[in-house]
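Read through the structure below, which is laid out as structure tokens, and then see the notes.
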Amino acid sequence: MQYICLFEDSQYSKLVPLVHTRTAFELRCGLFTPLERIIKHYPRVLITLFCRSYLSDILQERYPYHINNLHTADDTCLFLNGRAILSPPIPTEGPEEIGIQGNTLVYARLRGKNATKLSPEMFLTHNPIELLKGTVQVVNTHVPTINYFWDLVKLNMSQIEKDFALFVKEGSITGKLHEGVHLLNKDQIFIGKDSRIKPGCVFDAEEGPIYIGQHATIAPNTTVEGPVYIGNHAVVRSNSRIRGGTNIGEVCKVGGEIVNSIFHSYSNKQHDGFLGDSYIGSWVNMGADTVNSNLLNTYGNINVEIGGNIINTGQMFLGMAMGDHTKTAINTTIMTGSIVGFACNIVSTSYPPKYLPPFTWFSHHGIQIYTLEKALIVAKIAMRRRDKEMTAAEEQLFRMVFRLTEAERSSLSN
């Protein structure tokens, strides 16, 4: 039997606000998350997931895998960094070795005592490279590894192409095309079962593939320019412009103009307004004419604030990261390189600050704390509207995020 352990390491915190309620290996890039890609690469292996302890209950609810507990200590186990995007896969068979990229452990193929040295806490709080490099072979490797949210945005377009070529291979139309739909480069267009493409839509795959999942609806007069991914049960509203690099997760509803941006799942941007070079979490709702900037007037590199530090991203084009359960009012304008935290509420036509911590209520009165119980009520109502009930594990995690970020929020309100 072959074994894989997908782990989070100490660098996960650079991916806030997207990792408050999920692991780094559950973030979308290309057609899949790193976990989904691992499952496809290794269809006959037993999988263990190593994560932060407060995420263990929610992962046990989501997946049928061992959480924070290795299957075995006797056979070879391939440890894979959840921030790595593996295409092609690392072989499970072979000598004991670790693959590194700078100071990052990308993979470790270990057995026996070396495998048992590694625990979730070891990856999250220590440097496993120092622990292992004296006992096993060290190999320098070159694998795309996600450090910040803009890495996901930057790699998304090319990863859609790679995933399509590796796992889909060629176009296929099993959904319904209404009369008046135009397909350019049909061999690079996949439309899944029970999806509906309505009259006047144009799918242009001449610059990259287009993948539409099952039960999706593309409303009339919409233009889709590949490479693009639109997931199961997603809805794209009429007259939308879905441009290259767009990644729409499951059960999202979107409209307007979207370019090179990722929606995780269950989020809404149904109205007109531009969104570019951004990553949007789950259960987000953007009011009509919400827009963001993705380019400075100076055409300079964009700075982002993370953990109190200002980071030069090296990117000319970059929009924002927006955490789960955040809402924006109509006509909200968000500046280049913004980070909007988990469960925020923006109800002002003034520009919000470029950084908003979790549970921030921003209005014409300034910054206030969004009370936990009020935020929970709104989140549960939003989920019920999509026929989902918040589970006990999800509510516990919601409350945990509030507690973990309480000090940061309090400092802003003083």
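The values are calculated or read from the model by the stated rules, or taken from the named source; none is laboratory data. Worth saying up front: this structure is predicted, and the values here are computed from it rather than measured. Neighbour counts are summed over all protein chains in view; Cβ atoms, including those assigned to glycine, are modelled from backbone coordinates with ideal geometry.
So here's what we get for this one:
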| read-out | value |
| --- | --- |
| Filtered residue count, region 13-32, keeping only those that are within 21 Å of Cys344 (Cβ to Cβ) and in a loop (DSSP other than H, G, I, E, B) | 9 |
| Residues of region 169-191 classified as within 14 Å of Val236 (Cβ to Cβ) and within 28 Å of the chain's Cα centre (by Cα), total | 2 |
| Test: residue in region 52-64 that is in a strand (DSSP E or B) and either at pLDDT 95 or above or over 26 Å from Pro144 (Cβ atoms) (or both) | no |
| Residue within region 86-104 that is of a type in the set (Asp, Glu), in contact (Cβ under 8 Å) with a residue 24 or more places away in the chain and in contact with a strand residue (DSSP E or B) (Cβ under 6 Å, 6 or more places away or on another chain) present | yes |
| The listed residue being at pLDDT 95 or above and over 22 Å from the mean Cα position of the chain (by Cα), out of Cys252, Cys201 | Cys201 |
| Count - residues of region 139-151 that are modelled with pLDDT of 95 or more and hydrophobic (A, V, I, L, M, F, W, C) | 3 |
| Qualifying residue in region 227-241 (condition: among the hydroxyl-bearing types (Ser, Thr, Tyr) and over 18 Å from Leu31 (Cα atoms)) | yes |
| Residue selected from region 33-49 under the condition of a type outside the set (A, V, I, L, M, F, W, C) and assigned to a loop (DSSP other than H, G, I, E, B), by the criterion nearest to Met157 (Cα to Cα) | Thr33 |
| Qualifying position, being under 25 Å from the mean Cα position of the chain (by Cα), buried (at least 21 other Cβ atoms within 10 Å of the Cβ) and not in a strand (DSSP E or B), among Val153, Val224 | Val153 |
| Which numbered condition Thr135 fails, given (1) crowded, with 20+ Cβ neighbours inside 10 Å; (2) among the β-branched types (Val, Ile, Thr); (3) assigned to a loop (DSSP other than H, G, I, E, B) | (1) |
| Residues (closer than 17 Å to Met322 by Cα and surrounded by fewer than 24 Cβ atoms within 10 Å (Cβ to Cβ)) located in region 251-265 | Lys253, Val259, Asn260, Ser265 |
| Qualifying position, being closer than 21 Å to Ser293 by Cα, touching a Pro at 6+ places or on another chain (Cβ under 7 Å) and in the same structural domain as His271 (by TED's automatic domain parsing), among Ile310, Ile330, Ile306, Ile339 | Ile339 |
| Failed item, numbered, when His142 is tested on (1) under 16 Å from Asp9 (Cβ atoms); (2) under 29 Å from the mean Cα position of the chain (by Cα) | (1) |
| Flag if Val340 is among the aliphatic types (A, V, I, L, M), on the phi < 0 side of the Ramachandran plot, in contact with a His (Cβ under 8 Å, 6 or more places away or on another chain) and modelled with pLDDT of 95 or more | no |
| Of the criteria (1) closer than 23 Å to Ala165 by Cα; (2) surrounded by fewer than 24 Cβ atoms within 10 Å (Cβ to Cβ); (3) in contact with a Phe, Trp or Tyr (Cβ under 9 Å, 6 or more places away or on another chain), which one Gly276 fails | (1) |
| Among the candidates Ser282, Ser265, residue that is in contact with a Phe, Trp or Tyr (Cβ under 6 Å, 6 or more places away or on another chain) and assigned to a loop (DSSP other than H, G, I, E, B) | Ser282 |
| The listed residue being among the charged types (D, E, K, R), surrounded by fewer than 17 Cβ atoms within 10 Å (Cβ to Cβ) and either touching a Ser or Thr at 6+ places or on another chain (Cβ under 8 Å) or more than 26 Å from Gln396 (Cα to Cα) (or both), out of Arg83, Arg44, Arg109, Arg37 | Arg44 |
| Cβ-Cβ under 7 Å pairs, at least 6 apart or on other chains, region 30-46 side within 18 Å of Gly249 (Cα to Cα), far side of a type in the set (Asp, Glu) and at pLDDT 95 or above | Gly30/Asp163; Leu31/Asp163; Phe32/Asp163; Thr33/Glu26; Leu35/Glu26 |
| Subset tally (residues that are in a helix (DSSP H, G or I) and either among the β-branched types (Val, Ile, Thr) or crowded, with 17+ Cβ neighbours inside 10 Å (or both)) for region 168-221 | 2 |
| Region 230-239 - residue that is in contact with an Asp or Glu (Cβ under 8 Å, 6 or more places away or on another chain) and buried (at least 22 other Cβ atoms within 10 Å of the Cβ) and, of those, nearest to Glu161 (Cα to Cα) | Gly231 |
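Residues are listed down the side, and each one gets a yes or a no for (1) outside the structural domain of Thr336 (by TED's automatic domain parsing); (2) over 21 Å from the mean Cα position of the chain (by Cα); (3) in a loop (DSSP other than H, G, I, E, B):
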{"residue": "Lys374", "(1), (2), (3)": "no, yes, no"}
{"residue": "Met383", "(1), (2), (3)": "no, no, no"}
{"residue": "Arg386", "(1), (2), (3)": "no, no, yes"}
{"residue": "Met400", "(1), (2), (3)": "no, no, no"}
